[in-house]
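Engineer: Questions regarding the structure given below will be posed in turn.
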Amino acid sequence: MKRLQLLLSGCVLAAMVPSVRAAAATQDWPAWRGPTADGHAAAGQTVPVKWDEKENLLWSTPIRGRGHSSPTVVGNRIYVATADVATQEQLVLCLDRATGKPVWETVVHRGNLDAGGHRNTSLASSSVAWDGERLYINFLNEKAVHTTALDAKGKIVWQQRVADFVLHQGFGSSPVVHQSVVLVTADSRGGGTIAGLDKRTGAVLWRQDRPKIANYTSPAVLTAAGRTQLIVAGCNLVSSFEPVSGKKLWEIAGSTEECVVTAVTDGQRVFVGGGYPKNHTVAVEADGSGRIAWQNGTRVYVPSMLVRDGHVYAVLDGGLAVCWKADTGAELWKERLGGDFYSSPVMVGTRIYATNVRGITSVFEATPKQFTLLAQNPLGEESFASPAICGNRIYLRGVKKGDARQEYLWCVGQ
């Protein structure tokens, strides 16, 4: 398997159902994939199209350690996860939104960091989720996946060991909060688990066992076919559960073994992609009929997709952007961006922002009729985390290599 980065993408929901996150202010980015958990930023923002280190860069803050956790932005605070191998710590960091200055940091785990995995992996690839009161984060530590809840001041409220984990490429699934439940996926070659935790106490409310296959997707809570569904792809399956009770609604053999992409929906179908042992993108009818609406061999392995007005937009791992009709899969256009992509794109109106591994963010107009490249903006030399776009600002996590590798969080705005 080549160039799996899984990790950022961290992953989480799509096409959000009504919940505490659906009510999040449009000025915020409260969890993986944003306020509606489908990669769409709030409409009506004035977001820069062009920037570099001299233009439209409002501030930059060094981040210690290494991580692919995407920024979570709430109120006047920003939260990111990181792992510092030198100090053997896995942490959640809190920064001031206006200035980027550190506010607090909490060591969630000290010691027992699991070595190995893919060369691009990190030990802090899950993104922080905020439910209006608490923060939730997943870490792989001491050969197990743990979920931790913190209060707004960084105090640990509870911690739950969710499942043993056999490390293959890495771990990057992000927690999802739905009503009173924190949803966690932990698929590995030792046997996988999907669990629903009580968000107040961390107690395991329900658990579904999974095959002994490596897989990297975050859970996605969707409104599809008229009901709320928790969708997880991979392990050669596309599976649907009722998110509060954990009851299995339906499951089909409709995926490949290893997926990273977080599922999205157009309200009727769910769209997922995978990349090992085969490249596979598929649209599955979400009504439990088991019918596959369309599928193809496109490699949408790590970057999650976007759905808008009956069309699916994807940025492929290999540096292409594509538009398909959501109902038939007919390809309307495919254009080259350049570079490799592990981060997931963000859509603002009809514009898509997509950052490649070299730290270059392409901005393009995407409609069913045409693709129009507007700008390509370099910042740093490496990037695996996905952008957060809210409050007329873009928050980007990346790396400057120089004499020594240093991670940064950048704020772009006019």
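The values are calculated or read from the model by the stated rules, or taken from the named source; none is laboratory data. As the structure is a computational prediction, the values presented were derived from the model and not from experiment. We place every Cβ from the backbone using ideal geometry, glycine too, and count neighbours over all the protein chains shown. The protein model used for the area step is the full one, side chains on, heavy atoms only, and it has no ligands, DNA or RNA in it. Shrake-Rupley method; radii C 1.70, N 1.55, O 1.52, S 1.80 Å.
Engineer: Starting from 0.36 nm per residue, how many nanometres of slack lie between Asn296 and Val107 once their C-alpha separation is accounted for?
Structural biologist: So the extension gain works out to 63.7 nm.
Engineer: Based on the Cβ-Cβ distance of Thr26 and Glu133, what FRET efficiency does E = 1/(1 + (r/R0)^6) give at R0 = 25 Å, to the nearest 0.05?
Structural biologist: Approximately 0.85, to the nearest 0.05.
Engineer: Which residues does a label at Asn76 reach in the range 97-131, if reach means a backbone N under 11 Å from a point 7 Å past the Cα toward the Cβ?
Structural biologist: Under 11 Å, as judged by backbone N against the label point of Asn76, lie 97-99 of the range 97-131.
Engineer: In Å and on Cα atoms, what radius of gyration and Dmax does the range 79-123 show?
Structural biologist: Rg, Dmax (Cα atoms, Å): 12.3, 37.
Engineer: Could you state the orientation-averaged shadow area of the convex hull built on the Cα atoms of the range 328-377, in nm² to one decimal?
Structural biologist: With every direction weighted equally, the projected area is 3.8 nm².
Engineer: Give me the extension gain from Asp340 to Arg358: residue separation times 0.36 nm, minus the current Cα-Cα distance, reported in nm with one decimal.
Structural biologist: Result for the pair: 5.7 nm of gain on full extension.
Engineer: In addition: Treating cross-link reach as a plain straight distance, find the aspartates and glutamates whose alpha-carbon is under 20 Å from the alpha-carbon of Lys153, omitting any fewer than eight places away in the same chain.
Structural biologist: Hits, sequence-local ones excluded: Asp28, Glu89, Asp96, Glu105, Asp131, Glu133.
Engineer: What pairs from Lys212/Lys278; Lys101/Lys143; Lys54/Lys369; Lys155/Lys199 go past 26 Å between their alpha carbons?
Structural biologist: Table pairs above 26 Å Cα-Cα are Lys101/Lys143; Lys54/Lys369.
Engineer: Right, another one. Taking θ as phi - 60°, what are the ³J(HN,Hα) couplings along the range 380-390 by the Karplus curve (6.51, -1.76, 1.60), each to the nearest whole Hz, with x for Gly and Pro?
Structural biologist: x, 10, 7, 7, 10, 7, 8, x, 10, 10, 7
Engineer: Now for a different question. For the range 202-299, what's the relative contact order in percent, using C-alpha pairs closer than 8 Å and at least 6 residues apart? Present the calculation step by step, with values, prior to reporting the outcome.
Structural biologist: Working: 245 pairs, mean separation 21.2, N = 98.
Relative CO of the range 202-299 lands at 22 percent.
Engineer: Work the Kirkwood hydrodynamic radius out for the range 118-162: mean of 1/r over every pair of different alpha-carbon atoms, inverted, in Å.
Structural biologist: About 11.4 Å, per the Kirkwood formula over Cα pairs.
Engineer: Please quote Rg/Rh for the chain to two decimal places, taking the Kirkwood radius as Rh and restricting both calculations to Cα atoms. Mind dumping the intermediate values first?
Structural biologist: Values: Rg = 19.0 Å, Rh = 20.4 Å.
Reported Rg/Rh (Cα atoms, Kirkwood Rh): 0.93.
Engineer: Give me the accessible area of Lys401, 1.4 Å probe, in Å² rounded to the nearest 10.
Structural biologist: Looks like 90 Å² after rounding.
Engineer: Need one word for the range 257-326: rounded, prolate or oblate. Basis is the Cα gyration tensor (sqrt eigenvalues a ≥ b ≥ c); a/c below 1.5 gives rounded, then a/b vs b/c decides.
Structural biologist: Oblate, since a/c reaches 1.5 and b/c is not below a/b.
Engineer: Please report the accessible area of Val399 (heavy atoms, 1.4 Å probe, ligands and nucleic acids excluded) in Å², nearest 10.
Structural biologist: The accessible area of Val399 comes to roughly 10 Å².
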